[in-house]
Structures are given as structure tokens and as C-alpha cells.
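Input: a single structure, listed below in C-alpha cells.
Bear in mind these aren't lab numbers, they're just calculated from the coordinates by the rules spelled out. If you're wondering where the values come from, they're calculated on a predicted model, not measured in any experiment. Positions of Cβ are generated from backbone atoms using ideal geometry, with glycine treated the same way; all protein chains shown enter the neighbour counts.
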Amino acid sequence: MFLVTKEFIFDSAHFLPFYEGKCETVHGHTYKIQVTVQAQKDEKTGMAFDFVELKKTVKKEIVDLWDHQLLNDHLENPSAENMAEYIWEKMEEKKIPIFEVKVWETPTSLVTYRGGKSF
């Protein structure tokens, strides 16, 4: 079994409506996300999952939607945790064999999600 990961970087703004503190007001981040799939290697191609397919799907379903946007227009409560869960669900909808999603809000702050409803 192989894990294949693609990384993406985009800029967005958000506010956390159910949080008390400075994150409750509009502010921006340069987000980094990693989407990891799990698959068996195809003996003919030598590949477990095509990077091009993963890039195309994540770009269309996530990055193009969220880049330079107010994330609250897309998610009621756009915490990093809820963003990761949303990405997971979109990949499942597209039949991508998702294994893990990581979302960085800052270079030193990230969440990791491996499926299952968190709330």
C-alpha cells in the first residue's frame, strides 16, 4: 500500500463566529493543505495514484473555490478542523481514496484529519 500526497498553497480570509478572541474578526491566512490518498501500486504503470488526477481534483473542488475568498461564504464556521473535514468529504464524493488531510493556518499551526465526523 502506498500513500501519495499533493500539497497546495492559497490565500483566504475568514472569521470564527463561535470563538471569543481575536480570531472572531475577519483576518487572513496563507493556507497550506496536504491531501494524501492510499492506493495499491499498479504493476503496469508503476504508480499507485496519478499526481495529475489528485492535483486536478483538489484544485477544482477546493483551491479554485477558496483562493482569495472569504471562507465564511463557503463554510458556516471555517475553522481549520472544519476545512479539513470539508476537503475529506469532497474527496470522498469524487471517489478519491482519501487517507489524510492536513490544513495549516500558519507555518507552525495545523490540523490533521483522518475521517469520521468530528461533531
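Descriptive notes on the structure:
- Degrees between helix 80-93 axis and first principal axis of the chain (Cα, 0 to 90, nearest 10): 40 degrees
- Per-q log10 I(q)/I(0), the chain, q = 0.11, 0.17 Å⁻¹ (Debye; single scatterer per alpha-carbon; no solvent): -0.37, -0.82
- Cβ charges +1 (Lys, Arg) and -1 (Asp, Glu), total dipole of the chain, debye: 420 debye
- Contour excess over end-to-end distance, with Cα ends at Lys94 and Lys32 and 0.36 nm allotted per residue: 20.2 nm
- Net lengthening on full extension, Glu53/Phe18 (0.36 nm per residue, minus Cα-Cα): 9.0 nm
- Gaussian network model of the chain, springs between alpha carbon atoms under 10 Å - residue of Glu105, Glu92, Glu20 with greatest fluctuation: Glu20
- Taking the inverse of the mean 1/r over every pair of distinct Cα atoms in the stretch 51-116 gives a Kirkwood hydrodynamic radius of 12.4 Å.
- When peptides 83-91, 107-115 are ranked by their average number of other Cβ atoms within 10 Å per residue, the highest-first order is 83-91, 107-115.
- Using a Förster distance of 35 Å, the FRET efficiency for Glu43-Thr108 (Cβ separation, nearest 0.05): 0.30
- Listed by Cβ neighbour count within 10 Å, with the fewest neighbours leading, Trp104, Trp66 appear as Trp104, Trp66.
- The HN-Hα couplings worked out from phi for the stretch 66-78 by the Karplus form 6.51 cos²θ - 1.76 cosθ + 1.60 (θ = phi - 60°) are 9, 5, 6, 10, 8, 4, 5, 6, 10, 9, 4, 9, x Hz, whole numbers, x standing for Gly and Pro.
- Counted over the chain, the DSSP beta bridges are approximately 95% antiparallel.
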